[in-house]
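Structure first, then comments.
The values are calculated or read from the model by the stated rules, or taken from the named source; none is laboratory data. Only a predicted model underlies this, so the values are computations on that prediction, with no experimental measurement involved. Positions of Cβ are backbone-derived with ideal geometry, glycine not excepted, and every protein chain shown enters the neighbour counts. Areas reflect the complete protein model, heavy atoms only, side chains present, ligands, DNA and RNA absent. Shrake-Rupley method; radii C 1.70, N 1.55, O 1.52, S 1.80 Å.
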Amino acid sequence: MFLRELTMSIDSLKGVGPVALHSLAKGGICSIGALLSHYPRTWEDRSRYVPLKDFHSGPVCTVVQVMAHDWFNFRERTRDLKVYVEDASAKGVLLCFKRPFMEKQLVVGRYYRLWGAFQYKFGELQCASFEVEALAERTEYNLIDPATIVNQAPKRHFGRILPVYPLSKTLTQSMLRRFIEQALNQYADHLEEELPGYLIQRDQLLPKSQAIRAIHFPGSLEELEQARHTLIYAELFYLEVLVGKRAKERRSVQRTTGCPGSAGALLPLQQRLLERLPFRLTQGQTEVIRIINQDLDGPSPMARLLQGDVGSGKTLVSFFAALRGVELGGQVALMAPTELLARQHGENAARLLEPLGVRPAFLTGNLKTAGRTQLLKRLASGEIDFVIGTHALFSKDVQYKNLRLVVVDEQHRFGVLQRQAIMAKGDHPDLLMMSATPIPRTLALTVFGDLDISTIRDLPPGRKPIETHLARESNEAKVYDFVRHELAAGRQAYFVYPLIEADERKGIKDAQSMATRLAQQIFPQYPVALVHSKLDEEEKRRTMEDFRSGAICILVATSVVEVGVDVPNANCMVIEHAERFGLSALHQLRGRVGRGDTQSYCFLVYSDAVLTDESKARLKVMLETPDGFVIAEQDLKLRGPGHITGTEQSGYLPLEIADPIRDAALLELARIDAFAMLEQDPDLSHHEHLQVAHVLSRTAPFSPIGI
Ligand code: ADP
Ligand code: MG
């Protein structure tokens, strides 16, 4: 049997009552198979004797004698118990908060196995969270050597390496351990291999049954490591089999439209846009446009991720792509994560493309009924060529006549289901995703397993590097003076805050209060406006328009202006409480300036009071490099695997034990192996026993490229 075939209910196990069953089910554990693949979060090595005196190296695992009891924290009706213990090496104290009954369990004079983490406090070695097990008086009191006593424990809570599980509320570690141990005893021996035999042999992986056993109750730390290695590899292998299969499927879709033989050369509409531009395309833009053109002409749908730092001109690239989509007779949808950004794209499209005869339209959730019905009708009948909007683009009632190309801007802001939903509006449309947040290679191999990636590495010419300055909060006046000087020269400025409204508990500056203060006290001679996510769309729209036109000089905002907003005359970005923003947000915010040909400035104003080492490091990175790719790498380093930008995106990967960032090396290997297997045996007919679909049964909602 395969692990996934163990679909029998857990209530066949001893001691599983309705309450336990219910909490297991709540945690998604409904079958023996699921129970066995509920992997431990960590393990506690209770097989090794660690005397009290070694408390600083981690939890101790020893044998203690209870010496005395004492009481403290007297309150109404209750008090807390303190138990003095000692082992062969030192004395310690067990603190039993709200557990007066421990008095009866820890009897003075008796011996106990003890597991717990101690710290030196108030002149004694204290431990508040521990587990004990009484020694059997007759047999064990005669053994003098504590190491033997620890080792020879009756294999329940001591004498072995114990799993520690992620828990839901009403379950306890010992319940889970009991259930899983039973399930292992009944079923583990019959588990079939899920990996091809040649791979198991080549890498000396553990047999499935041993790996499953050892991941829960390893015989040694070495065996645990082997088990982890085996299971992680297997999981990544199957993931990559799936990725490889999807890739093949996409490439097998054949269509007739396109412009074969053009070798990516511009079509007439694109040529006309090029001629109308007041500037020349950068080399990076030219190159990706050519590649995208080839994709769009090709026989199978494109799935391409376009990466390029903030300000590298991705929007324009997508317009060129849109023109080709339209010219090839289809409709194009461009989706942006905020209404602000969508509107900006909509305005640009109207300005640049309408004169070419393209019929663009703008669709958001806020469009009122009458206009909306009209628009949807025109979209469904093909009278609109290029629709730009927010999530509204894939609402149920939105229909396209012939959706040929989908562009997803700031793609990291969308979930896979949303990308799927918009793709489902067409018949295998081309997909162009854009982002300024580079994706680590390992994620590109998983979440975006089947995606082609292009990168624009240059910025439009004439851009002066943004000058970045750090300023203590106490020096804010200097920053304000500097900005005043720029305003006087006719420039505009952003002021960004971490909060919308005042929050007394936090005691930090917020956008609302600061908008008032900036307007009334600091820059009374300049018009100030406020924009944040709680304002209604119409107000946001007006504010942005006024800022763009220069009617407003100072825009006070939260991180809503993080993505996309493009106002070239704004050359000052002041981020207050910069220590509270993540690296990628800081980088995106800084990217709002430096878009024109004047010198731009970014001030990171931080407050000393709450500056952690990590936030210091972040600010230092911002000071040292303008390069989004370097910043993304540093972000990865600072935050560690599992937290990096983009990993949110791996949240929906069906991974139980592997981590694509941490296990990057194994992932690469698994990918090579999986693709090689698919190459030799495309339908997996020689690997039917692997039951790919079955092993991957939990992967239903997962799609590596969002289609
Ligand atoms: P991003 O890649 O961050 O989405 P945008 O598409 O918003 O960047 O472009 C930033 C600004 O650069 C816009 O004002 C755009 O008009 C301008 N731009 C784009 N391409 C060029 C170019 N080749 N030369 C000069 N300016 C350009
Ligand atoms: Mg953009």
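Once the Cα-Cα distance is subtracted from the 0.36 nm per residue extended length, the Thr139 to Lys506 segment shows a gain of 126.2 nm. Close amide-amide hydrogen proximity is noted between Phe217 and no other residue 5 or more places distant or on a separate chain, at a cut-off under 5 Å (H modeled in the peptide plane; Pro and chain starts excluded). Given 20 Å bins starting at zero, what is the percent of C-alpha pairs of the chain in each, up to the one with the largest pair distance? The percentages, shortest bin first, are 15, 37, 33, 14, 1. Sequentially through segment 134-141, phi angles give Karplus couplings (6.51, -1.76, 1.60; θ = phi - 60°) of 5, 6, 6, 4, 5, 8, 8, 5 Hz, Gly and Pro residues having no value and appearing as x. Note the angle between two axes, namely the Cα long axis of helix 369-381 and the longest principal axis of the Cα atoms of the chain, as a number of degrees from 0 to 90, rounded to the nearest 10. Roughly 80 degrees between the two axes.
Using a simple spin-label model with pseudo-atoms 7 Å out from Cα toward Cβ, Val253 and Val19 lie 5.2 nm apart.
Taking segment 47-155 as the region of interest, the number of lysine pairs whose Cα atoms are within less than 16 Å, with members eight or more places apart or on different chains, is 7. Residues of segment 107-142 with amide nitrogen under 16 Å from the 7 Å Cα-to-Cβ point of Asp54? Within reach of a label on Asp54, which here means backbone N under 16 Å from a point 7 Å along Cα→Cβ, segment 107-142 contributes 114-118.
Using the Karplus relation 6.51 cos²θ - 1.76 cosθ + 1.60 with θ = phi - 60°, the per-residue 3J(HN,Hα) values for segment 316-321 come to 5, 4, 5, 5, 4, 4 Hz, with x marking Gly and Pro. Spatially, segment 118-138 and segment 197-226 are offset by 34 Å when compared through their Cα centroids.
Figure legend: label point modelled 7 angstrom from the Cα of Ser174 along Cα→Cβ; residues of segment 97-122 with amide N under 14 Å from it are 102, 105-106, 113-115.
Mean residue ellipticity, 222 nm, helices only, the chain: the sum of -39500 (n - 2.57) across DSSP H runs of n ≥ 4, divided by residue count and rounded to 500, is -10500 deg cm²/dmol.
Each part gets one Cα centre, and for segment 70-98 versus segment 359-394 those centres are 70 Å apart. Only residues of segment 170-204 count here: report those whose backbone N is under 14 Å from the spot 7 Å along Cα→Cβ of Ser12, or say none. Backbone N within reach: 182-191. Annotation: lysines with alpha-carbon distance below 16 angstrom to Lys169 (same-chain offsets under eight excluded): Lys26. Note that segment 465-476 has calculated 3J(HN,Hα) couplings of x, 6, 7, 10, 10, 9, 9, 5, 4, 5, 9, 4 Hz, one per residue in order, obtained from phi through the Karplus relation 6.51 cos²θ - 1.76 cosθ + 1.60 (θ = phi - 60°); glycine and proline are x.
Taking the C-alpha atoms only, the angle from helix 283-297 to the longest principal axis of the chain is near 90 degrees.
Which shape class, rounded, prolate or oblate, goes with segment 219-299 when its Cα gyration tensor gives a ≥ b ≥ c as root eigenvalues, a/c under 1.5 marks rounded, and past that a/b bigger than b/c marks prolate?
Numbers: a/c = 7.03, a/b = 2.47, b/c = 2.85.
Oblate, since a/c reaches 1.5 and b/c is not below a/b.
The Cα center of segment 481-540 and the Cα center of segment 580-612 differ in position by 15 Å.
Between Asp427 and Lys26, what is 0.36 nm times their sequence separation minus the Cα-Cα distance? Round to one decimal in nm. So the extension gain works out to 140.6 nm.
Listed by chain and number, the lysines whose alpha-carbon sits under 16 Å from that of Lys377, ignoring those within fewer than 8 places in the same chain, are Lys368, Lys396, Lys401, Lys425.
Would you rank Asp145, Asp566, Asp663 by solvent-accessible area, highest first, keeping every protein chain in place and using a 1.4 Å probe?
Details: Asp145 75, Asp566 55, Asp663 15 Å².
Ranking Asp145, Asp566, Asp663 by accessible area, largest first, yields Asp145, Asp566, Asp663.
Assuming a ≥ b ≥ c are the square roots of the Cα gyration tensor eigenvalues, decide whether segment 467-625 counts as rounded (a/c under 1.5), prolate (otherwise, with a/b larger than b/c) or oblate. Taking the square roots of the gyration eigenvalues as a ≥ b ≥ c, segment 467-625 is rounded. For Gly365, the residues whose modelled amide H falls within less than 5 Å of its own, excluding neighbours fewer than 5 places apart on the same chain, are Thr390, Ala392.
Short-range pairs are left out: with C-alpha atoms under 8 Å and at least six residues apart, the relative contact order of segment 47-155 is 28 percent.
Among DSSP bridges having both ends in the chain, what percentage is antiparallel? Round to the nearest 5.
Numbers: 33 of 87 bridges.
Here the share of antiparallel DSSP bridges comes out near 40 percent.
In percent, what relative contact order does the chain have, based on Cα pairs under 8 Å that are 6 or more apart in sequence?
Numbers: 1255 pairs, mean separation 88.1, N = 707.
Dividing the mean separation by the residue count of the chain yields 12 percent.
Multiplying the residue separation of Asp481 and Arg378 by 0.36 nm and subtracting their alpha-carbon distance yields 31.9 nm.
When each of the peptides 487-497, 273-283 is scored by how many other beta carbons lie within 10 Å of its residues on average, the order from highest to lowest is 487-497, 273-283.
With all distinct Cα pairs included, what does the Kirkwood hydrodynamic radius of segment 6-151 come out to in Å, to one decimal, could you say? List each step's numbers first, then the result.
Working: mean 1/r = 0.0566 Å⁻¹.
Here the Kirkwood hydrodynamic radius works out to 17.7 Å.
Residues whose amide H falls under 5 Å from that of Glu44, counting only those 5 or more places apart or on a different chain, are Leu162, Val164, with hydrogens built in the peptide plane.
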